[in-house]
1. Within segment 313-364, which residues are touching a Pro at 6+ places or on another chain (Cβ under 9 Å) and part of a helix (DSSP H, G or I)?
2. Against the definition (modelled with pLDDT of 90 or more, over 26 Å from residue 185 (Cβ atoms) and not in a loop (DSSP other than H, G, I, E, B)), how does residue 419 come out, yes or no?
3. Quick one: would you say residue 427 is touching a residue at least 60 places away in the same chain (Cβ under 8 Å), more than 16 Å from residue 127 (Cα to Cα) and assigned to a helix (DSSP H, G or I)?
4. Tell me yes or no: at least one residue of segment 22-32 is over 30 Å from residue 372 (Cα atoms) and modelled with pLDDT of 85 or more.
5. Hey, could you check segment 232-251 for residues that are modelled with pLDDT under 85 and β-branched (Val, Ile, Thr) and say which is nearest to residue 165 (Cα to Cα)?
6. Any idea which of 389, 383 is in a helix (DSSP H, G or I) and within 16 Å of residue 442 (Cβ to Cβ)?
7. Can you pull out the residues in segment 339-365 that are within 20 Å of the chain's Cα centre (by Cα) and under 13 Å from residue 316 (Cα atoms)?
8. Restricting the search to segment 317-336, which residues are surrounded by 13 or more Cβ atoms within 10 Å (Cβ to Cβ) and under 23 Å from residue 271 (Cβ atoms)?
Amino acid sequence: MNKQTEIIGKGTDQQVVIFYYLLVSIGLIAIFSVEYRFDDPFWETLIGLKKNYSKQLLYLLISTVFAAVILLIDSKFFAASANLLYFLGMVLMLLTFVIGKDISGSRSWIVLGGGFNLQPAELCKVFTSLALAKYMSRQDTDFTKTRSHVIAIALALFPALLSIAQKETGLALVYFSFFLVLFREGLPANYLITGFSVAVLFVTSIVMPLQYYNILIGIVALIIVYFRWRSIRKKYTRLLGILLLAGFCIGIKYFVDYIVFDKILKPYQSERVLSMFGKSYVPKDEARLALFQKEQAEGKKRDYSYNVKQSKIAIGSGGLLGKGFLKGVTTQGDFVPEQHTDFIFTAVAESFGFWGSTLLILLYFFLLLRIIRIGERQRSTFSRVYAYSVASILFFHVFINIYMTIGLMPVIGITLPLLSYGGSSLLTFTTLIFILLRLDLDRQTVLR
């Protein structure tokens with residue numbers, strides 16, 4: 001233990017700590033407003049851990065102790081143990097397939113007992129950040145080489161593949177935030193162009209019927225052949241390349257229709273994605289189609305957009321100044337499903353209105369700016385990459401969650417950092433932030 005850590009918190013960036021506790025406090029208030037009823041015995045529910053707000057308070061106490069422990073650990077430990085922690089994280093994610101508990105259709109939880117569960121995919125965001133920082137800071141890592149690009153991308157996306165297998169598509173999407181880190185470190189723009197092109201193809205394949213999509217790809221391929229004919233005549237393998245690319249584009253349509261919507265996404269997730277483009281989900285898988293037809297025949301077709309509709313009503317009803325604490329009709333009436341977790345923003349918007357929501361977003365904005373500033377003042381590549389990983393993860397969570405609640409993105413089950421209820425989520429973001437603060441204490445040290 002060095003002199004900087006003899007007193008817990010000495011030299012720690014106080015702005016980040018203040019932002020952290022402000023956001024967690026807002027989260028506690030929001031969760032309380034969702035669950036508390038005036039006829040509830042307050043102290044009994046608080047002490048007896050019978051409500052989510054009382055459990056969240058316990059999680060905060062545990063997280064505070066954990067944060068203090070992190071600040072006491074030598075910063076070299078995080079660089080030295082990064083690969084081991086990443087490996088253990090992957091093992092935990094794989095264990096969920098064996099001993100995991102099914103919650104809301106997702107097999108991504110390990111039961112700890114006493115009503116508490118662990119979600120390894122959440123903690124792996126920390127481990128992946130450390131492993132990526134470790135790899136990028138190695139002396140033999142030349143990030144101008146394709147091999148280094150592939151290894152770094154594989155480190156970031158392997159947990160995402162496991163999350164998809166666990167049917168946690170929301171968490172899987174967060175791992176793509178590491179691309180922002182890699183671009184900061186010099187990943188060529190070609191990767192961005194390729195990724196954007198694939199994304200456009202995905203959207204086009206969703207919007208367009210199969211026959212029109214295939215015709216479009218055929219026309220584009222003919223146009224390319226026409227304008228590249230001189231070079232193709234010199235080397236006919238280029239024509240083969242164009243044909244293979246056209247085949248790949250057509251394959252994306254089949255992949256989206258038959259794999260993404262029928263195998264990877266759950267029916268309600270498929271419906272929510274398609275509803276953004278004015279389309280309805282009709283399963284192509286025989287088992288799903290039979291259930292779908294049965295529900296239609298019985299008049300039981302579920303309204304998968306119910307969550308978003310109620311979310312918009314809650315946010316809109318808050319108006320400019322909000323209805324006031326514990327006075328929200330939608331919140332107090334339990335109209336918004338999962339309001340204490342994925343839709344916690346609606347509780348803030350209804351209670352405190354546009355100005356309260358704006359203040360919350362500004363808090364996140366200034367926290368992100370501060371983390372980026374911390375990252376830029378690091379001498380160590382390890383600390384800088386880790387700082388940008390924290391900023392990217394936070395940005396993705398905030399952006400996707402808020403856009404999800406106002407209906408601009410499909411509901412994919414992603415928490416609002418430090419506000420949403422959940423021990424795994426709070427502990428993960430606490431760990432992410434306080435490891436960064438610990439590394440910042442030794443920012444003059446070059447870690448590898």
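The values are calculated or read from the model by the stated rules, or taken from the named source; none is laboratory data. Nothing here was measured: the structure is a model prediction, and the numbers come from that model. Quick reminder, even Gly has a Cβ in these numbers, built from the backbone with ideal geometry, and neighbours come from all protein chains shown.
1. First, the residues of segment 313-364 that are touching a Pro at 6+ places or on another chain (Cβ under 9 Å): 343, 364.
Passing the criteria: only 364.
2. Values: modelled with pLDDT of 90 or more: yes; over 26 Å from residue 185 (Cβ atoms): yes; not in a loop (DSSP other than H, G, I, E, B): no.
So residue 419 does not fit the description; no.
3. Details: touching a residue at least 60 places away in the same chain (Cβ under 8 Å): yes; more than 16 Å from residue 127 (Cα to Cα): no; assigned to a helix (DSSP H, G or I): yes.
When the stated conditions are applied, residue 427 does not pass them.
4. Going residue by residue through segment 22-32, those that are over 30 Å from residue 372 (Cα atoms) are 32.
Right, trim to modelled with pLDDT of 85 or more and you get 32.
Looking for residues that are over 30 Å from residue 372 (Cα atoms) and modelled with pLDDT of 85 or more, one finds at least one in segment 22-32, hence yes.
5. 242
6. Exactly one residue qualifies, and that residue is 383.
7. Step one: filter segment 339-365 for residues within 20 Å of the chain's Cα centre (by Cα), giving 339-346, 360-365.
345, 346, listed by residue number.
8. Passing the criteria: 330, 335, 336.
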